[in-house]
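Taking it in order: structure first as structure tokens, then the write-up.
The values are calculated or read from the model by the stated rules, or taken from the named source; none is laboratory data. Only a predicted model underlies this, so the values are computations on that prediction, with no experimental measurement involved. Counting neighbours? That spans all protein chains shown, and the Cβs are built from the backbone with ideal geometry, glycine included. Note: accessible area is taken over every heavy atom of the protein model, side chains too, but ligands, DNA and RNA are not part of it. Shrake-Rupley method; radii C 1.70, N 1.55, O 1.52, S 1.80 Å.
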Amino acid sequence: MAEMAVTVAAAAGTLRPCTGVSARGAAVLGRWRPLALAAPAKLRLSFSAVRVPRATSPAAVEQDGSNTDTDPIPKVIIDQDSDPDATIVEVTLGDRLGDLVDTMSALKNLGLNVVKASVCLDSTGKHNKFSITKSSTGRKIDDPELLEAVRLTIINNMIQYHPESSSQLAMGATFGPEVPAEQVDVDIATHVDIYDDGPERNLLVVEAADRPGLLVDLVKAISDTNVTVQSGEFDTEGLLAKAKFHVSYRGKAVSKALQQVLSNSLRYFLRRPTTEDASF
């Protein structure tokens with residue numbers, strides 16, 4: 001396994017300002033491979049199907065931030081667009097996060113290498129960014145189930161080291177000591193929009209109430225309409241999940257008729273009771 005090379009952009013206690021966070025390069029996007037789906041029997045991911053590595057001990061390095069009276073909104077961004085060779089993960093919890101060494105160790109337990117890490121600071125807080133590749137191939141992650149495992153691992157460690165984030169994350173009901181005080185109305189929170197993005201693809205934007213396994217379930221629901229997910233970004237922001245997928249149909253942009261089918265299918269999928277499948 002390759003050694004984990006970590007470059008933290010901080011010196012003498014001073015963080016560099018964030019520049020170009022989550023920047024997109026149109027020339028880069030065309031180089032992505034479609035996200036690979038596992039066999040159909042494995043696609044339905046539930047929390048019990050995901051083994052989330054936990055940090056070994058509450059090391060002080062994870063608790064490097066300062067507390068404020070108002071708890072910041074936790075954010076986890078999984079970015080498949082910005083780098084052709086690595087999956088970029090960005091984690092923010094105001095200014096409370098440290099260097100997340102134990103989190104990087106937990107990701108390594110998933111068979112991943114953190115090939116680069118950086119920290120920057122802006123008006124929204126401290127941004128910890130990792131460039132991640134698969135140890136077995138040295139390439140970026142193209143498996144939705146592994147991407148979801150990365151997301152859950154990071155959220156689990158955030159809740160473990162910062163329990164105050166539990167009540168602001170949908171995963172707090174699964175991982176955390178305190179469940180969210182507010183419940184998201186799925187009818188109000190669910191938004192599905194499809195935009196033109198050139199002759200060969202569209203941009204699918206989805207916002208919904210978060211839950212474990214949502215990333216995998218979204219990719220499967222899209223694939224069930226014969227639409228291909230080429231690349232994208234999946235953001236966890238408090239109780240909500242926000243996804244931006246570049247999609248196509250047989251190498252071309254999705255037709256208006258199929259866009260309507262896809263939109264209706266996702267709205268139904270995201271608004272239906274989560275117990276529906278388990279009831280049969």
Heavy-atom accessible area order for Arg250, Arg96, largest first, 1.4 Å probe: Arg250, Arg96
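Calculate, for segment 95-172, the solvent-accessible area per residue in square angstrom, rolling a 1.4 angstrom probe over the heavy atoms of the protein chains. Walk me through the numbers on the way to the answer.
Details: 2180 Å² over 78 residues.
Result: 28 Å² per residue.
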Per-residue HN-Hα couplings for segment 239-255 [Karplus 6.51, -1.76, 1.60; θ = phi - 60°; Hz; x = Gly/Pro]: 8, 10, 10, 10, 10, 10, 10, 8, 10, 8, 10, 6, x, 10, 4, 6, 5
In Hz, Karplus ³J(HN,Hα) per residue of segment 91-105 (6.51, -1.76, 1.60; θ = phi - 60°; x = Gly, Pro): 10, 9, 9, x, 10, 8, 7, x, 7, 6, 5, 5, 5, 4, 5
Surface share of carbon and sulfur [accessible, 1.4 angstrom probe, percent] for segment 123-280: 50
Average accessible surface area per residue within segment 183-280, 1.4 Å rolling probe, Å²: 48
Summed residue charge, Cβ within 10 Å of Val89's Cβ, Lys/Arg positive, Asp/Glu negative: 0
Candidate lysines - alpha carbon under 23 Å from Lys116, same-chain residues fewer than 8 apart omitted: Lys75, Lys108, Lys126, Lys129, Lys134, Lys140
